[in-house]
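Derivation of every value follows stated rules applied to the coordinates shown; laboratory data play no part. Computed from a predicted model, the values in this text were never measured in an experiment. As a convention, Cβ positions derive from the backbone with ideal geometry for all residues, glycine included, and neighbour counts pool all protein chains shown.
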């Protein structure tokens, strides 16, 4: 019997499915007092759907509550994250601004650094060039000094040799007649008045002629020597028909020796020079007889030619 009822219900369900369930979008209220088979069948299937719908609604309500609860939590978290995001964004913008500022400062400092490097390199280059020029100038100066020193050494060597040669050549004469000394880069041959001249005269005596000839031989063997002859007197005034003062006498005596060296002994006149010094360059005091005797003299001053030295000095001035 139960099987028959179930089969009948199934057939009824199939039969009414199109007309009833296919047209019902949502479950409606059941009949409170079903009378017909159709109403009873409707109540049967509708109650099941209604229960299912109610269960679904309850599930949806539970989900809604859970969702609402979840949404509230997400809102809290969202607002926290949003505030955190905004704070981080502000920090990011601040850091970006600082970074841009640092980049600008770096660019400025880098430009200054490059300028300083260029200036430093330029200064170093100028310094090196100046140092190189100074080194070259110093080297050239040292070279010139070496050349000058070589010439001076040569002159000193020549002067020493000349001094010794003159001394040896005049050994036959007494020390009170002739004296030879080297000073101020020159050789001074001092011939006394009693060897060369009589008082108030510029004529050379016989013994004086021998001394001049001996000296001329030395001069002719040393062509690089210039010769200055100076006449000196004491301070006693002279006034004769020939000489009005000691200037005239001393100058004439110097000229007598110049002519003798040039005319008689062949010394090149370009090497010779005469000067009268009168009484103004005494060797001793004119207050004594001995002092006046020393002052009455003729000095033959021998100087090595300084042409090489003068040329070098003139060259260095250019």
Hey, how many Å between the Cα centroid of the range 85-104 and the Cα centroid of the range 180-257? 107
With each pseudo-label sitting 7 Å past Cα toward Cβ, what's the residue 53-residue 121 distance in nm, one decimal? 9.1
What FRET efficiency, computed as 1/(1 + (r/R0)^6) with R0 = 22 Å and r the Cβ-Cβ distance, is obtained for residue 293 and residue 206, rounded to the nearest 0.05? 0.65
Based on alpha-carbon positions alone, could you give the equivalent ellipsoid semi-axes of the range 170-316 from the gyration tensor, as √(5λ), descending, whole Å? 27, 17, 16
FRET efficiency (residue 223, residue 172; Cβ distance; R0 22 Å; to 0.05) is 0.35
Quick check: residue separation of residue 132 and residue 148 times 0.36 nm, minus the Cα distance between them. What number comes out in nm? 3.4 nm
Run the quick spin-label model on residue 141 and residue 265: label points 7 Å from Cα toward the beta carbon, then report their separation in nm to one decimal. 4.5
Explain nothing, just the number: relative contact order of the range 75-218, from Cα pairs under 8 Å at least 6 residues apart, as a whole percent. 13
If I model a spin label as a point 7 Å beyond the Cα along the Cα-Cβ vector, how far apart are those points for residue 280 and residue 44 in nm? 17.4
Suppose the Debye formula is applied to equal point scatterers at every Cα of the range 227-279; what is log10 I(q)/I(0) at q = 0.31 Å⁻¹? -1.08
